[in-house]
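For reference, the structure is listed below as structure tokens.
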Amino acid sequence: MNYNHPRRRKTAGVIRYSCGILFCLFSFVYLYFLQGDLLAQAQFVFSKGVTHYCLSIGALVITAVLQILQWIVALVIRVPSRWHSLTYYPSFLVLTVMTDLNEDIINDFHWGVWIWLFPLLLIVFAVLVQLAKASEEVLPDAYPNTLSAKLWTNYLVLFIMVILSGGCHRTPDTYLYELKAERLILEGKYAKAAQVGIKSLSTSERLDNLRCYALSKEGLLAENLFLYPQPYGAQGLLNVNDIDTLHHRFDARHICFSLGALKGLNVKSLKSFLSLVEPLLKHRADSLAEVDSFTLASSDSLRDEHLRRVNRNNIQRRRAADYHLCSLLLSKDMKHFEHLLQTYYPPTEGDSTYVASLPRAYREVMTMLKPQLADSLTLASYREYEHLKDSLSYNKLIQTNITRRHFGDTYWWYYDH
């Protein structure tokens with residue numbers, strides 16, 4: 001057959017370039033959006049924190065290397081253009097092995113099944129190449145000889161390899177959520193970090209810790225805490241023992257420091273940690289009073305710096321106070337919560353809107369404790385919840401599921417279930 005015929009060369013060129021573009025697009029998107037955080041974590045652990053992985057540059061470099069591998073394979077095996085996409089088989093195989101990671105493999109590397117599966121799949125590739133070459137004897141190049149027929153054959157093979165490559169990873173969604181939330185926090189994107197995995201009912205203790213920290217940095221911890229499942233109680237708020245600098249770029253020490261106290265060796269629980277910051281919380285100085293007492297003779301720059309320091313301290317106190325109060329809510333210690341609420345959020349004398357001005361979780365608790373002080377909207381919602389719960393009391397499972405569907409983002413549902 002004359003493979004140097006101009007029309008054949010043009011057909012082969014269209015197939016090569018279109019398959020290359022499709023592979024590069026898939027590889028970059030897969031590495032950047034789906035597996036980037038996993039590879040970043042692997043590089044951090046394997047290098048012991050010496051080097052760091054850039055998602056965009058890493059995806060571009062790996063895609064380029066895989067494309068070069070395909071070019072070498074295509075030059076060596078020289079399959080017919082109808083089966084050109086088979087030359088991407090080794091690149092897909094390397095991509096699959098590279099991204100088939102989970103927490104156990106990253107923390108204690110081992111090849112697992114790939115130690116025997118990789119050579120076996122290379123043998124399968126050799127067999128497929130021989131079959132592809134032999135098919136030219138059964139299906140002469142003249143049938144089918146249209147460009148579209150050859151394109152669709154190659155696209156189908158590419159699609160099958162995309163499905164097999166993307167479907168082989170064994171990484172739990174919650175671990176990927178943890179890595180993404182950690183990266184966004186380190187980048188200072190707290191609002192985006194708080195949204196990671198928000199639609200999923202699956203969570204982990206570490207993921208809850210990261211979400212709560214992101215919410216705290218946004219000043220929304222007590223407002224949005226129960227938008228997420230809280231199966232770990234107060235431990236999901238902050239696990240002070242989650243410290244592993246070899247495997248985590250951001251751990252409990254950073255959270256503790258942001259709340260105003262360092263985590264010491266003798267601090268074994270969230271309760272003991274909060275006992276360290278409680279004296280700081282109860283010392284609530286008035287910012288304006290401090291500034292006024294700062295001698296009027298001081299320069300404007302000194303007063304501005306003093307005001308920034310006071311405001312920074314007050315923000316830190318508020319975050320620590322919310323951690324303390326939310327830990328009581330998650331522990332269902334409503335009596336202690338009610339006592340401390342007015343310490344951390346002191347009401348103004350004669351203020352009838354005090355409860356209505358509180359963050360959402362606190363309003364919902366106070367509606368349970370003192371419904372006469374609740375705002376009308378929250379009280380109406382609470383009565384609707386109670387009515388729905390009572391109407392389904394005949395079956396606990398049905399009651400749990402239906403009330404969760406309508407009120408799963410409230411403290412009332414968390415307290416009852």
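A few points about this structure:
- Degrees, to the nearest 10: 396-407 long Cα axis against longest axis of the chain: 90 degrees
- Segments 261-269, 222-230 sorted - mean Cβ within 10 Å per residue, highest first: 222-230, 261-269
- Counting only lysines at least 8 places from LYS370 when in the same chain, those with an alpha carbon closer than 25 Å to its own are LYS282, LYS332, LYS335, LYS389.
- Taking the charge dipole of the chain about its Cα centre, with +1 at Lys and Arg Cβ atoms and -1 at Asp and Glu Cβ atoms, the residue from THR146, ALA193, LEU38 reaching farthest to the positive side is THR146.
- In a reduced charge model with +1 at each Lys and Arg Cβ and -1 at each Asp and Glu Cβ, the stretch 199-261 shows a dipole moment near 120 debye about its Cα centre.
- Expressed per residue, the C-alpha convex hull volume of the stretch 144-196 stands at 107 Å³.
- Fully extended contour minus Cα-Cα distance, from LEU388 to TYR155, at 0.36 nm per residue: 78.5 nm
- The local environment of GLY49, defined by Cβ-Cβ distances under 15 Å, has a net charge of +1 under the rule Lys, Arg +1 and Asp, Glu -1.
- Relative to the longest principal axis of the Cα atoms of the chain, helix 6-29 runs at roughly 20 degrees.
- Convex hull volume of the chain per residue (C-alpha atoms, cubic angstrom): 231 Å³
- Averaging the sequence gap over all C-alpha pairs within less than 8 Å and six or more residues apart, then dividing by the number of residues, gives the chain a relative contact order of 12 percent.
- Spin-label pair SER148/ILE105, simplified geometry with 7 Å Cα→Cβ offset, distance in nm: 4.1 nm
- Helix 270-282 axis, angle to the chain major axis (alpha carbon atoms, nearest 10°): 50 degrees
Here, each number is a calculation from the coordinates, and none is a lab measurement. Keep in mind that what you see is a predicted model, and the values were worked out from it rather than measured. Every residue, glycine as well, gets a Cβ built from its backbone with ideal geometry; the counts of neighbours run over all protein chains shown.
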